[in-house]
Amino acid sequence: LPLFDVPEAPSFPVFVFPEALQSFVTEAAWAFSCPVDFAAVPLLAVAAGAIGNRRRIFLTRSHQQPAVLFACVIGRPGTTKSPVLEAIAQPLEDAEIALKDAWYEAKEKHEEDPEGNPKPGPLPRVLADDATAEGLVARLAESPRGITMVRDELAALVAGLDQYRSGGKGNDRQLYLKLWSQGTIR
C-alpha cells in the first residue's frame, strides 16, 4: 500500500453492546463529532477496569481470562480523542474523588477518637495515569480489585518505559506484559 492511501476501516460493531450503551457511544460520538470507535474503545477499557479482579471467564478448566484490556484510540491530532476519553473516564474520576473524601473523613475521625474509630487502611485507588513501574506495583498491592490506567497519549506510556533505569535498561515492558496476563508481581 502507498503510505498515504489509508484503507477504509470497518465500522465498530456497536450492536455488541446492550441498548443503553449503544445509545451512549452513538450519542457521545455525535456530541464530540468523532467516529463511534473513539467512544466505544475507551468504554470497553473502562468497563474492564471497573470489573477488575472481581470476575474471570473460565475458558477451560485450566485457563481463566481476567478482565484485562489494553486499548488505544489512534487518530490524527485534533480529532477529539482526548475529550471523549475524558468523558468516558469521568465515572472513574468521580469514584476516585468519593473514595478519597471517605478516606479523609475516616482518617479525621480516627485522629479525633483513635479508640472509637479504626485507622483507615491505604487510600483506595481506582485510577492511575502516570506512574513508575514501582509506584504502580505499590498501588496495585493496595488495590486488590485492580486499577484502571487512563493515558491520554500512548506515546507518553511508551516513552516513559524504563525512564528511571540506568541507560534506559529495565524491565518495565516485561512488567506491563505480566500485568496483561494478571500475573503476580513480586
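The values are calculated or read from the model by the stated rules, or taken from the named source; none is laboratory data. Treat the numbers as computed from the prediction; the structure is a model and nothing was measured. Cβ sites come from the backbone with ideal geometry, for glycine too, and all protein chains shown count toward neighbours. Ligands, DNA and RNA are excluded from the accessible area calculation, which covers all protein heavy atoms including side chains. Shrake-Rupley method; radii C 1.70, N 1.55, O 1.52, S 1.80 Å.
So if I check each of PRO124, PRO120, PRO35, which one is touching a residue at least 12 places away in the same chain (Cβ under 8 Å), over 22 Å from the mean Cα position of the chain (by Cα) and not in a helix (DSSP H, G or I)?
Going through PRO124, PRO120, PRO35 in turn, the sole match is PRO120.
Look at THR80 and say whether it is within 28 Å of SER181 (Cα to Cα), modelled with pLDDT under 95 and polar (S, T, N, Q).
Criteria not met by THR80.
In the range 86-114, what count of residues is obtained for those that are under 18 Å from THR148 (Cα atoms) and either in contact with a helix residue (DSSP H, G or I) (Cβ under 6 Å, 6 or more places away or on another chain) or not basic (Lys, Arg) (or both)?
14
Please state which one of PRO66, PRO83 is open to solvent by less than 70 Å² (accessible area, probe 1.4 Å), over 23 Å from VAL25 (Cβ atoms) and either of a type in the set (Val, Ile, Thr) or in contact with a helix residue (DSSP H, G or I) (Cβ under 9 Å, 6 or more places away or on another chain) (or both).
PRO66
Matching residues to (1) loosely packed, with under 12 Cβ neighbours inside 10 Å; (2) modelled with pLDDT of 95 or more; (3) not basic (Lys, Arg):
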residue: PRO2; (1), (2), (3): yes, no, yes
residue: ASP5; (1), (2), (3): yes, no, yes
residue: PRO10; (1), (2), (3): yes, no, yes
residue: GLU19; (1), (2), (3): yes, yes, yes
residue: GLN22; (1), (2), (3): no, yes, yes
residue: THR26; (1), (2), (3): no, yes, yes
residue: SER33; (1), (2), (3): yes, no, yes
residue: ALA40; (1), (2), (3): no, yes, yes
residue: ALA47; (1), (2), (3): no, no, yes
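So, of the residues in the range 141-156 that are open to solvent by 80 Å² or more (accessible area, probe 1.4 Å) and either part of a loop (DSSP other than H, G, I, E, B) or farther than 28 Å from VAL84 by Cα (or both), which turns out to be modelled with the lowest pLDDT?
That would be PRO144.
Among the residues of the range 1-30, count how many are among the small types (Gly, Ala, Ser), in a helix (DSSP H, G or I) and either without any contact (Cβ under 8 Å) to a residue 40 or more places away in the chain or in contact with an Asp or Glu (Cβ under 6 Å, 6 or more places away or on another chain) (or both).
Number satisfying all stated conditions: 2.
Within the group ALA138, ALA159, which residue is open to solvent by 70 Å² or more (accessible area, probe 1.4 Å) and either on the phi < 0 side of the Ramachandran plot or assigned to a helix (DSSP H, G or I) (or both)?
So the residue among ALA138, ALA159 that is open to solvent by 70 Å² or more (accessible area, probe 1.4 Å) and either on the phi < 0 side of the Ramachandran plot or assigned to a helix (DSSP H, G or I) (or both) is ALA159.
With the checklist (1) over 26 Å from ARG56 (Cα atoms); (2) out of contact with any Lys or Arg (no Cβ under 7 Å at 6 or more places or on another chain) in hand, flag the one item GLN90 doesn't pass.
(1)
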